[in-house]
Structure formats: C-alpha cells, structure tokens
Ligand code: AMP
Ligand code: GLY
C-alpha cells in the first residue's frame, strides 16, 4: 500500500517512522516532510490547494491512504475536496472533513456539540461581535478566574485566563471590538474555570467503531515549573500515572463513546484521530478542548509505546473494519523532551549547526524544526527536535530521556529540565509511622 503523509514537524516524523515499520507499506511519501522523515519515506513538494496537481500525484503514485498530520488542511476542507473528486475514489483520508474539523476549528461549535450530547465540559456562554456590552455584563455572573476564548483557530494564543476583571474586560474589547485576534476572536466563548490536572486522551475512529490510544500529559509552558508563555508543547509523558484504569474507563464511557456516537447522530462522518484535552476534576474527566489530529509532542511519546501496526489501523478505517483491529500497547513509560531554540516562543535564530545526533543511543529522536545543508543538520524552527526515552517506570524514562538529550548539542539549545517531575510519586509514608497533627 502506498501512503502520503501531510506535515513536516516532529509529530509527522514520528508518524513516518511508525508507518514505515508496517509490513503493509510499499511506498511512503511525505509532504513537505523534514530531514528526519527522509529516512522513512520520500519527501515531496505538493501544493494541497492545487487539486489538479494533487490528483495527478495521487493517481500516478497509486496512493491509497493520505494521513493528515496538522489541523489546518482539515479545517480548510482538504478531505472534502478528495472525497468530491470522482477520480480519487480509492483514496482514504485519515482525518475528518471540514464539518467534523469544526470540533477544533470552532470552540462554540465544540461546546454546543458537547452540550447536545451530554459530554462533561465547563459551562459556557458565547458572544458575537456587537454583543460586547452583554459579554462584559456577563462577567458579573462569573467568578474569577475568567476564561475567555477566541472561537476560531488562533495558534494556541486564543485563550486568556485572568483573575482581574479589568483585564477580562480589556480582552473582550480586544476580541469583539478591536479584532486583535482577527476573525478568530469575533466570536468569543466565556467559560467556567475548571480546577484540576490536565491530560490528553486520544482515539482513532472510522466513524462507527473507535479505539483508545494511550493517554499523555503535555507540558505547555516554556519554563520549568509551568512558568512563562504558552508554547506548542515542551515535553510529554505517556502513560499518565493519575489516569488509572478507573479514570480511563470514565473517559471512555463519558467522553470518547458519546463523542463518536454524537458525531454519527449529527450526521457528521468522521474518520481519523481525535485528541481530547481533558481536566481531571476530583477524579472526573471534563473536556477542555477537542483537536482533530494527534498532538505534538504527545505523538512522539505515544507512538513508541504502540505495538500495533498503525497502517493496519488506517486500513481498518479505509475498509470500515476498525472494530476488528487491536491496539496493543507497551507497558513501559515514554518521556519526551523538546529541544527548542533559545528565544522560542518569541524570536530565535535559525541555521545553527546541530551536533551529536548520531551519538544518541537508546532513545528516539524525532526532528521538527530542522533543515539539512550538505551533510550538516541545522536548526530551522522553534521546536527543533524531540527526544523520547523509555523506561520500566517514570523515573527511569525521565533519566533516559535527559541522558540522551544531553548528547545533542547546538548553540542556543533550550529544554525544560522538569518534564515528568510533577508526576513522580512522593515517597509514601512508612507503614505504621505515627502521624501527628
Ligand atoms: P484550549 O486552547 O481550549 O485548550 O485552552 C488552552 C489552555 O487553557 C488549556 O490547556 C488549559 O490549561 C486552559 N483552560 C482552557 N479552558 C479552561 C477551563 N475552562 N478551566 C481551566 N483552564 C482552562
Ligand atoms: N501539544 C498540544 C497540541 O498538539 O495541541
């Protein structure tokens, strides 16, 4: 089977690595790919909006499966264009059509969907341009912290959480009046604040059956101890120790199953991955957001734990027989550390030579923001590389990931030094010890 993978980050390098292990694979093409994906397939340049050229490529290369890594093409209707093309009937897209992609593309749509299908999430109200005063007045009915979300895709910058009502009012004005967030902010969701610990759950579905994939925890802030600005993600851990069997059963029963059922009920054909951003509130899962793709860097922690053939799961989607497939997962823990460029998520230098990659042992290195020049590898983005270490427990996986991350060297290398530390169990009190209060 020939496969085209769309994207060029660390997530796509991990997907390419995993797909390339399949005995079902003949040829893998990646567009645009990166210097890492070249080891597992052929990088090609394709304009996804040029349907004629795309059709020619898909037919010539006899592509059966197109895996879409990032959300933008999906929100933009990539799947719909393939599905509408009579000559591409044999092609299966892994990723939803535009309507399903609205689960990620519109927070209001996602909230209404969850409300309709009784899926636990924070209470909310939506306000549109022209309703600024109503939105400001609504703050009086809320308690701090105020959660304010631009409706549309805003590259992770569309959520403001503040304790200060003045700040909240200013944000509403910026979004609804000054269009500081562009069209994405002309519709705003005001949400109840949930207190708990975040984690991400994932599933893959053919629209009828679904299979849970391993859960992961992401580290979104740039600085150790969860400080500083938000990023695309600075590290990940899988599995998540506090997401035990009971909790994951609740995720399955209260969130995953009603979501897939709800999509079907609403007549939204959905195939591909679904990322459920969750808050664990006193042992109960609530949805913070949906994404219609895998996470980056969560994928780099999850796929090394997946024993099953990923292409076989994709084939299950293509043939509508996903229910017959199995997802087999390695019990070990994976810890992923993002190596970034100093300055990220602000401005940073590019074109710095990376050394030491060939010295890495016992870890998976996936490339994200890299470029190759001759036989040299250069930095070419904010999140440059991810290093995934495996271990029989969390402590040993952390140690392995950091040991191998230390081997890689470039000027301006930045990484968080505390990935996974919050999840390491505190030493339990000795049995029989007397507790005085
Ligand atoms: P989102 O883009 O919706 O995932 O929001 C970005 C981040 O804001 C999340 O990862 C959470 O840390 C935080 N967040 C979003 N919604 C809430 C909420 N209702 N309560 C608490 N934190 C939230
Ligand atoms: N790491 C978070 C995301 O991929 O959205």
The condition of being more than 12 Å from ligand 1 (Cβ to nearest atom) and either closer than 24 Å to residue 71 by Cβ or in contact with a strand residue (DSSP E or B) (Cβ under 6 Å, 6 or more places away or on another chain) (or both) holds, among 168, 150, only for 168
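Which of the following residues is surrounded by 24 or more Cβ atoms within 10 Å (Cβ to Cβ) and either touching a residue at least 60 places away in the same chain (Cβ under 8 Å) or in contact with a helix residue (DSSP H, G or I) (Cβ under 9 Å, 6 or more places away or on another chain) (or both): 72, 98, 16? Don't jump to the end; show me each part of the working.
On the way: 72 fails: surrounded by 24 or more Cβ atoms within 10 Å (Cβ to Cβ); 98 fails: surrounded by 24 or more Cβ atoms within 10 Å (Cβ to Cβ).
The unique qualifying residue is 16.
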**Request:** Return a yes/no flag: does segment 234-253 have any residue that is within 14 Å of ligand 1 (Cβ to nearest atom) and out of contact with any helix residue (DSSP H, G or I) (no Cβ under 7 Å at 6 or more places or on another chain).
**Result:** yes
Counted residues in segment 376-430 being touching a residue at least 60 places away in the same chain (Cβ under 8 Å), in a helix (DSSP H, G or I) and within 16 Å of residue 355 (Cβ to Cβ) come to 1
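Yes or no: segment 190-206 includes at least one residue that is outside any loop (DSSP other than H, G, I, E, B), without any contact (Cβ under 8 Å) to a residue 24 or more places away in the chain and either within 14 Å of ligand 1 (Cβ to nearest atom) or surrounded by fewer than 17 Cβ atoms within 10 Å (Cβ to Cβ) (or both). Explain how you work it out, then say what you get.
Step one: of segment 190-206, the residues outside any loop (DSSP other than H, G, I, E, B) are 190-191, 197-205.
Now drop any that are not without any contact (Cβ under 8 Å) to a residue 24 or more places away in the chain, which leaves none.
No: segment 190-206 contains no residue that is outside any loop (DSSP other than H, G, I, E, B), without any contact (Cβ under 8 Å) to a residue 24 or more places away in the chain and either within 14 Å of ligand 1 (Cβ to nearest atom) or surrounded by fewer than 17 Cβ atoms within 10 Å (Cβ to Cβ) (or both).
I'd like to check which strands (runs of 3 or more DSSP E) are fully inside segment 255-371 and have at least 3 residues that are within 16 Å of ligand 1 (Cβ to nearest atom).
Working: elements: 272-281, 284-291, 333-341, 363-367.
Result: 272-281, 284-291.
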Do we have residue 222 as crowded, with 23+ Cβ neighbours inside 10 Å and in contact (Cβ under 8 Å) with a residue 24 or more places away in the chain here?
no
In the set 317, 288, 302, the lone residue that is within 15 Å of ligand 2 (Cβ to nearest atom), touching a strand residue (DSSP E or B) at 6+ places or on another chain (Cβ under 8 Å) and under 23 Å from residue 1 (Cβ atoms) is 302
Within segment 216-233, the count of residues that are over 30 Å from residue 308 (Cβ atoms), assigned to a strand (DSSP E or B) and within 10 Å of ligand 1 (Cβ to nearest atom) comes to 2
Checking 178, 230 in turn, the sole residue that is in contact (Cβ under 8 Å) with a residue 40 or more places away in the chain and surrounded by fewer than 17 Cβ atoms within 10 Å (Cβ to Cβ) turns out to be 230
Picked from segment 89-134 (must be away from ligand 1 (no atom under 16 Å from the Cβ) and part of a helix (DSSP H, G or I)), the residue farthest from residue 150 (Cα to Cα) is 116
Margin query: Condition check: within 14 Å of ligand 2 (Cβ to nearest atom) and either under 30 Å from residue 324 (Cβ atoms) or in contact with a helix residue (DSSP H, G or I) (Cβ under 9 Å, 6 or more places away or on another chain) (or both). Does residue 209 satisfy that?
Written below: no
Only one of (1) within 15 Å of ligand 1 (Cβ to nearest atom); (2) buried (at least 21 other Cβ atoms within 10 Å of the Cβ); (3) assigned to a strand (DSSP E or B) does not apply to residue 213, and that is (1)
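Read-outs throughout are calculated quantities, based only on the coordinates presented, and are distinct from any laboratory measurement. Here the structure is a predicted model, which is why all the values come from computation and not from measurement. Note that each Cβ is placed from the backbone with ideal geometry, even for glycine, and that neighbours are counted across all protein chains shown.
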